[in-house]
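**Q** Let me give you the structure first, and then I'll get to my questions.
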Amino acid sequence: MPDGTRILVVEDDLDVRNLLETVISAEGFEVQVAGSLEQCRTIMKDFDAALYLIDVGLPDGDGFSLVRDLRARGHAGVVVLSGRSAEVDQVLGLELGADDYVTKPFRSRELVARLRALARRVAVAQGIADSQQDESAPDFQVAGYNLFLRGRQLIDPEGNDVALTSAEFDVLVALMEQKGKVASRDQIIQSVRRRNWTGNERAIDGIVSRLRRKLPTHETGPHFIRTVHGIGYMLIG
Ligand code: CA
């Protein structure tokens, strides 16, 4: 950090813009610059910035609308660059969601220090968001059902918990692991044995028919747990 951290600078004053670009890229940031809101919105389509440095007074509007948009979108860090201290009051008073502000004229070293600090905060927030995402992602999915190995939980398409016995859950996992392929009764038994459960072929058949009853499907046609005659079962979805 901030090596390669992407920052989009929006400033209409050419001299200030060039200075910002030089100073910030010298710190290892990947910088793109825009001279107007319109230019900024065009660049944003291809440039996924982690940080934005936004001048308040721009030729085609004020930077506040952009701050609001960015805040609504998520995790980008926003620093407002303002020419007048009255505008700074406005930024704070309206709580538009900027993370920091810098008044002009600014000292390069201070500006860079603030950008570095914000880049770290954004990276941490992004990391937390990613890990939450990972934890909430199901391990297996079929026909709108979500299976979570952690907590041994099955959630139906309406978001309700499905109560399964330990054996039913283990057989369902065995089928999920083989999704789209035929799982022989013997393979299912082997898989379930790894989970400290012993069963025979007839027991597997009984568990599968209970699973079909407990996991209704709204689609017409056969259930997503198909019988493959003489071999075993296959999960389709
Ligand atoms: Ca300006």
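Throughout, read-outs are computed from the coordinates displayed, never taken from laboratory work. Nothing here was measured: the structure is a model prediction, and the numbers come from that model. Neighbour counts run over all protein chains shown; Cβ positions are idealised from the backbone, glycine included.
**Q** If you bin the C-alpha pair distances of region 6-125 every 5 Å from 0, what whole percents do you get?
**A** Taking all Cα pairs of region 6-125, the binned fractions are 2, 12, 25, 28, 22, 10, 1 percent.
**Q** If R0 is 22 Å, what FRET efficiency do you get for Q190 and H229 from their C-beta distance, rounded to 0.05?
**A** Details: r = 21 Å, r/R0 = 0.93.
Between Q190 and H229 the formula returns 0.60.
**Q** State the three equivalent ellipsoid semi-axes of region 140-235, derived from the C-alpha gyration tensor as the square roots of 5 times its eigenvalues, in descending order and whole Å.
**A** 20, 16, 11
**Q** Take every Cα pair under 8 Å in region 6-125 that's 6+ residues apart, average their separations, divide by the length, and report that relative contact order as a whole percent. Write out the running numbers ahead of the final one.
**A** Details: 186 pairs, mean separation 27.7, N = 120.
Worked out over region 6-125, it gives 23 percent.
**Q** With 10 angstrom as the radius, rank F148, F224 by how many other C-beta atoms surround their C-beta, starting from the fewest. Intermediate results must be reported in sequence, preceding the final value.
**A** On the way: F148 15, F224 19.
Exposure proxy ranking, most exposed first: F148, F224.
**Q** Here is a follow-up. In whole angstrom, how long is each semi-axis of the equivalent ellipsoid of the chain, when you take the square root of 5 times every eigenvalue of its Cα gyration tensor and sort them from largest down? Mind dumping the intermediate values first?
**A** Working: eigenvalues 673, 58, 47 Å².
Each semi-axis is √(5λ); the values are 58, 17, 15 Å.
**Q** Shifting gears a bit: Where does each of Y233, Y52, Y145 land when they are ranked from fewest to most other beta-carbon atoms within 10 angstrom?
**A** Listed from fewest to most nearby Cβ atoms, that is Y145, Y233, Y52.
**Q** So what's the net charge close to R185: Lys and Arg +1, Asp and Glu -1, counting the other residues with Cβ under 11 Å from its Cβ?
**A** Net charge around R185: -2.
**Q** Within straight cross-link reach of K45, meaning Cα distance under 17 Å, which aspartates and glutamates are found once same-chain residues fewer than 8 apart are removed?
**A** E30, D69
**Q** Cα to Cα, under 18 Å, and not fewer than 8 places away if on the same chain: which lysines meet these conditions relative to K104?
**A** none
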